[in-house]
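Trainee: Quick one: the structure is below, and I'll ask about it shortly.
The values are calculated or read from the model by the stated rules, or taken from the named source; none is laboratory data. A quick note: this is a predicted structure, and the numbers were derived from the prediction, not measured. Backbone-built Cβ (ideal geometry, glycine too); neighbour counts: all protein chains shown.
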Amino acid sequence: MRAFIKSSSRQPQHLLASAIGLAVVSLAAPALAEEQGTLQLDKVSVQGEQEAGYKTESVSSPKYTAPLLDTPQTVTVVPAEVIKEQNALSLRQVLSNVSGITFGAGEGGNYGDSINIRGFSATNNLMVDGLRDSANMTRSDMFNLEMVEVVKGPSSVYAGAGATAGAINMVSKTPRLRESNNLQAGVGTDGYHRLAADINQPLEGIEGAAARINLMAHENDVAGRDQINYERWGIAPSVAFGLGTPTRLTLSYLHQSDENLPEYGLPAIAGKVLAGVDRDDYFGFRNIDTEEVDVDSFTAKFEHDFNDWVSLDTIARYSETDNRTVTTRSYVQTVGSGIGPGQYRYRSGSGNGRDTTTKLAINQTNLKWNFATGFIEHSLVTGFEVSRETLDRTNFSNNLDLSIVYDLDNPPGYYVGPRNKSDTSYLDAELTDHALYVFDTLALSDQWDLTLGARWERYEGNNDTHTIATDTDVELESSDEMFSGRVGLAYKPVENGTIYVAWGNSYNPSAQNLATSGSGLNVGNQDLDPEKNETWELGTKWDLLDQRLSLNAAIFRVDKTNGRVELDDGTFELQGEQRVQGFELGASGKITDKWQVFASYTQLSSEVLKAAPGEDQVQEGQALANTPPRSFSVWTSYQLPADFEVGYGAQFVDERNVAVATGDTPPQASRAKIDAYWVHGAMLGYQASKQLQLQLNVNNLFDEEYYDRVRTSNGTGSNSGGLVPGDGRSAVLSANYSF
């Protein structure tokens, strides 16, 4: 087996702030230059600089027992260098670099990132450092994250239940034995102000110890939608012991606090914004609507190398997310008594809110072992994972006067009528998960590798909902045992190329959304078996231009063979079938020493193969909602003379169905499409000195009006759909100071 060692050397993020940085520097214990300048540490530093760039050799999870080049699956890593050059702040901005990904609009209390990969939801398969993370928040800032890894295709064997689309892993910044201090200040259009700091110091007098702290304070309005504003701050200290030794311990803490105005977009029917509505209109109430999120997360990671062949690592995390959200949605009524042409009335539920607390305790332990059985070499990982996640939620209403009629071309933005806040219901939900897994890559010869993976999982969920008005309780529970697997065969005709074929599966239990929104589980489906999904993929990966540039291509098919469908009597059966197939192309790395590129293209053909009785004539043959047939993304940069650097990016998303139409859908909306769009961005960087770098980013260069987040409902006159506009043109100037 071509065993490999994952490098932890990465170019430091230049995301730090002047004012905050001065305070941090005064608190950081200065390390002696003589202690840091040992021969071994110099080698680590040089290696990190050499590897800085767009090309990534491996993923962070120990479950992947081969380098990316030899991994029989489509895996896209958005590296730190791309994130820095784009000044990408949110997870949504980072994932815009990966074709085949679309985003949903906030709906039904699912406040957080709503993400689809290859036509299927990945909302509940977000991970941080390989551990499943709470989906009950929006990843608004990357200040403590190094890079983002996207695994595509059914992957329950890696990520656990629900990973039909794949999984998204965010890799945290951790301490290193090389001193690096970075400060950033940014100003821009639309009220953009940012201060951040990344301070990493070896600890004097403690061999192999280092501490790191990341700080962030940020505010901005939304370009093209100036009524919407975001504010947040965060702190993330960490300390590591035993770096460079066989036994290592890393302790870290993260706190982030957000205060935002919720964004539900603009009212739309059949994929088109209603007549008279402009992009800069806001259909909420600024004096009522709010999104206040506080996240606290504690992580401990222990690693021990018994020898060159056997090692153990265990990582544990406890996190708590408090989310208070009040929303007046843009899903409005435009027909009815008292509503004239060009007018609307807010629907019931507007001004309602939720106080939510999510608590997650999770542990993952892996034993890694490299050994041989005869002529076959193995890279074996065995492990277990246990987790418990709870959701406590209070629903309340402000009891707004919703009889008032407004003009579509002049939404008020503020509410001036009576209101009377009262609680309406309480919900307690719990999810527990226990899993055992094993992964092995077998080097059958110098040219053939066989990758195997298996996971057994027990998934249990229950919730209790109390409705105040009727003084009633509804208790639900669900329990599933699932066995998922993955098989991949890779052939290496030459050392720098791989051709592979792979199969994998995944499961979607009824309870998978309980700890996110408290929804999904009901009387009709609590006893149903999980949905089943499987994928086949044939692909190839190549490292070219003296290993500087990585290319990949794959054709694939994903089948959901027993999707949940609701019958006319309100019960559910597992008889739905869906298919998504297509191909992907990707490139990352250096074309020349000065020219880098990060690009991907995805083509998808999606189809409902079998629908519920009564809907089969309408739905079967339709494409899946929010699944574009074609999407493309590219980011490229070039190092110019005189210490200048330029960058350019473009994203294309083809037109796609708003929703899968139903028999109740008006004829004009039966094949409703959202318009395709192109968005362009540019960057100009200047290395003013060894320590100071200036960077100008212009996003949405041509001020394209487009819609990148979708409520998957065609909408009617009594209940419109919703489209969230993408950000308009904006410019940000950042100063990065390293010392």
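Trainee: What tally of residues in the stretch 576-594 results from selecting those that are in a strand (DSSP E or B), acidic (Asp, Glu) and over 23 Å from the mean Cα position of the chain (by Cα)? Spell out how you get there, then give the answer.
Mentor: As a first pass, look at the stretch 576-594 and keep what is in a strand (DSSP E or B): 576-590.
Add one more test, that the residue is acidic (Asp, Glu), and what stays is 577, 584.
Checking which are over 23 Å from the mean Cα position of the chain (by Cα) leaves us with 577.
The total comes to 1.
Trainee: Then there's this: Within the stretch 152-174, identify whether any single residue is over 30 Å from residue 459 (Cα atoms), in contact with a helix residue (DSSP H, G or I) (Cβ under 7 Å, 6 or more places away or on another chain) and crowded, with 23+ Cβ neighbours inside 10 Å, and answer yes or no. Show your work before the answer.
Mentor: Quick first cut of the stretch 152-174, residues over 30 Å from residue 459 (Cα atoms) only: 173-174.
Right, trim to in contact with a helix residue (DSSP H, G or I) (Cβ under 7 Å, 6 or more places away or on another chain) and you get none.
The answer is no, given that none of the residues of the stretch 152-174 is over 30 Å from residue 459 (Cα atoms), in contact with a helix residue (DSSP H, G or I) (Cβ under 7 Å, 6 or more places away or on another chain) and crowded, with 23+ Cβ neighbours inside 10 Å.
Trainee: Please specify each residue of the stretch 305-348 satisfying the condition of being among the small types (Gly, Ala, Ser), surrounded by 14 or more Cβ atoms within 10 Å (Cβ to Cβ) and farther than 17 Å from residue 281 by Cα.
Mentor: Those that are among the small types (Gly, Ala, Ser), surrounded by 14 or more Cβ atoms within 10 Å (Cβ to Cβ) and farther than 17 Å from residue 281 by Cα: 311, 316, 319.
Trainee: Could I ask something else about it? Among the listed residues 494, 580, identify the single one that is surrounded by fewer than 17 Cβ atoms within 10 Å (Cβ to Cβ) and farther than 30 Å from residue 425 by Cβ. Full working, then the answer.
Mentor: On the way: 580 fails: surrounded by fewer than 17 Cβ atoms within 10 Å (Cβ to Cβ).
Answer to the check: 494.
Trainee: For residue 738, state whether it is in contact (Cβ under 8 Å) with a residue 40 or more places away in the chain, of a type in the set (S, T, N, Q) and buried (at least 21 other Cβ atoms within 10 Å of the Cβ).
Mentor: Working: in contact (Cβ under 8 Å) with a residue 40 or more places away in the chain: yes; of a type in the set (S, T, N, Q): yes; buried (at least 21 other Cβ atoms within 10 Å of the Cβ): no.
Judged against the criteria, residue 738 is not a match.
Trainee: Sticking with this structure for a sec: With the requirement that a residue be under 26 Å from the mean Cα position of the chain (by Cα), surrounded by 20 or more Cβ atoms within 10 Å (Cβ to Cβ) and not charged (D, E, K, R), what does the stretch 201-223 give you? Spell out how you get there, then give the answer.
Mentor: Applying the first criterion (under 26 Å from the mean Cα position of the chain (by Cα)) to the stretch 201-223 yields 212-223.
Those still in the list that are surrounded by 20 or more Cβ atoms within 10 Å (Cβ to Cβ) too: 212-216, 218, 220, 222-223.
Of everything in the stretch 201-223, those that are under 26 Å from the mean Cα position of the chain (by Cα), surrounded by 20 or more Cβ atoms within 10 Å (Cβ to Cβ) and not charged (D, E, K, R) turn out to be 213, 214, 215, 216, 218, 220, 222, 223.
Trainee: Would you pick out the residues in the stretch 287-304 that are touching a Phe, Trp or Tyr at 6+ places or on another chain (Cβ under 6 Å) and either more than 30 Å from residue 408 (Cβ to Cβ) or surrounded by 16 or more Cβ atoms within 10 Å (Cβ to Cβ) (or both)? Before the answer, list the steps.
Mentor: In the first step, residues of the stretch 287-304 are kept if they are touching a Phe, Trp or Tyr at 6+ places or on another chain (Cβ under 6 Å); the result is 287-288, 298.
Listed by number, the residues that qualify are 288, 298.
Trainee: Right, another one. Looking at the stretch 379-470, what strands (runs of 3 or more DSSP E) fall wholly within it and have at least 3 residues that are buried (at least 16 other Cβ atoms within 10 Å of the Cβ)?
Mentor: Output list reads 422-443, 448-467.
Trainee: Further question: With small (Gly, Ala, Ser) and out of contact with any strand residue (DSSP E or B) (no Cβ under 6 Å at 6 or more places or on another chain) as the only criterion, which of 731, 650, 682, 676 stands out?
Mentor: Details: 731 fails: out of contact with any strand residue (DSSP E or B) (no Cβ under 6 Å at 6 or more places or on another chain); 650 fails: out of contact with any strand residue (DSSP E or B) (no Cβ under 6 Å at 6 or more places or on another chain); 682 fails: out of contact with any strand residue (DSSP E or B) (no Cβ under 6 Å at 6 or more places or on another chain).
None of the other options fit; the residue is 676.
Trainee: Under 9 Å between Cβ atoms, which residue pairs at least 6 apart in sequence (or on different chains) link something in the stretch 64-76 that is part of a helix (DSSP H, G or I) with a partner that is aromatic (Phe, Trp, Tyr)?
Mentor: Matching pairs, first to second residue: 69/542; 70/4; 70/500.
Trainee: Now a separate question. Could you list, ordered by first residue, the pairs with Cβ atoms under 6 Å in which the first is in the stretch 145-174 and more than 21 Å from residue 381 (Cα to Cα) and the second is of a type outside the set (Asp, Glu) and in a helix (DSSP H, G or I), at least 6 apart or interchain?
Mentor: Going by the 6 Å Cβ cut-off, the qualifying pairs are 146/80; 147/80; 148/94.
Trainee: Condition first: under 22 Å from residue 530 (Cβ atoms) and small (Gly, Ala, Ser). Now tell me which residues in the stretch 441-496 satisfy that.
Mentor: 453, 454, 461, 478, 479, 484, 485 - these are the residues of the stretch 441-496 that are under 22 Å from residue 530 (Cβ atoms) and small (Gly, Ala, Ser).
Trainee: Any residue at all in the stretch 595-610 that's closer than 29 Å to residue 503 by Cα, hydrophobic (A, V, I, L, M, F, W, C) and assigned to a loop (DSSP other than H, G, I, E, B)? Even if it seems obvious, please write down each step before you answer.
Mentor: Initial filter on the stretch 595-610 (closer than 29 Å to residue 503 by Cα): 598-610.
Okay, now just the ones that are also hydrophobic (A, V, I, L, M, F, W, C), so 598-599, 604, 608-609.
The next check asks that each one be assigned to a loop (DSSP other than H, G, I, E, B); those that pass are none.
No, that holds for no residue.
Trainee: Here is a follow-up. For the stretch 497-524, which positions are buried (at least 19 other Cβ atoms within 10 Å of the Cβ) and of a type in the set (Val, Ile, Thr)?
Mentor: Taking the stretch 497-524 and keeping what is buried (at least 19 other Cβ atoms within 10 Å of the Cβ), we get 498, 500, 502, 504-518, 520-521.
498, 516 - these are the residues of the stretch 497-524 that are buried (at least 19 other Cβ atoms within 10 Å of the Cβ) and of a type in the set (Val, Ile, Thr).
Trainee: Which of (1) more than 30 Å from residue 387 (Cβ to Cβ); (2) modelled with pLDDT of 95 or more does residue 284 not meet, given it meets every other one?
Mentor: Failing condition for residue 284: (2).
Trainee: Please identify the pairs in which a residue from the stretch 441-453 that is closer than 22 Å to residue 157 by Cα and at pLDDT 95 or above has its Cβ atom under 7 Å from the Cβ atom of a residue that is charged (D, E, K, R) and surrounded by 21 or more Cβ atoms within 10 Å (Cβ to Cβ), counting only partners at least 6 apart or on another chain.
Mentor: Qualifying pairs under 7 Å: 441/449; 442/449; 443/449; 449/70; 453/486.
Trainee: Follow-up. Of all residues in the stretch 225-264, count the ones that are within 23 Å of the chain's Cα centre (by Cα), closer than 17 Å to residue 193 by Cβ and surrounded by fewer than 18 Cβ atoms within 10 Å (Cβ to Cβ).
Mentor: The total comes to 4.
Trainee: Tell me which residues, restricted to the stretch 377-432, are closer than 30 Å to residue 443 by Cβ and in contact with a Phe, Trp or Tyr (Cβ under 7 Å, 6 or more places away or on another chain).
Mentor: We begin by selecting, within the stretch 377-432, every residue closer than 30 Å to residue 443 by Cβ; these are 377-385.
Answer for the stretch 377-432, where residues must be closer than 30 Å to residue 443 by Cβ and in contact with a Phe, Trp or Tyr (Cβ under 7 Å, 6 or more places away or on another chain): 378, 380, 381, 383.
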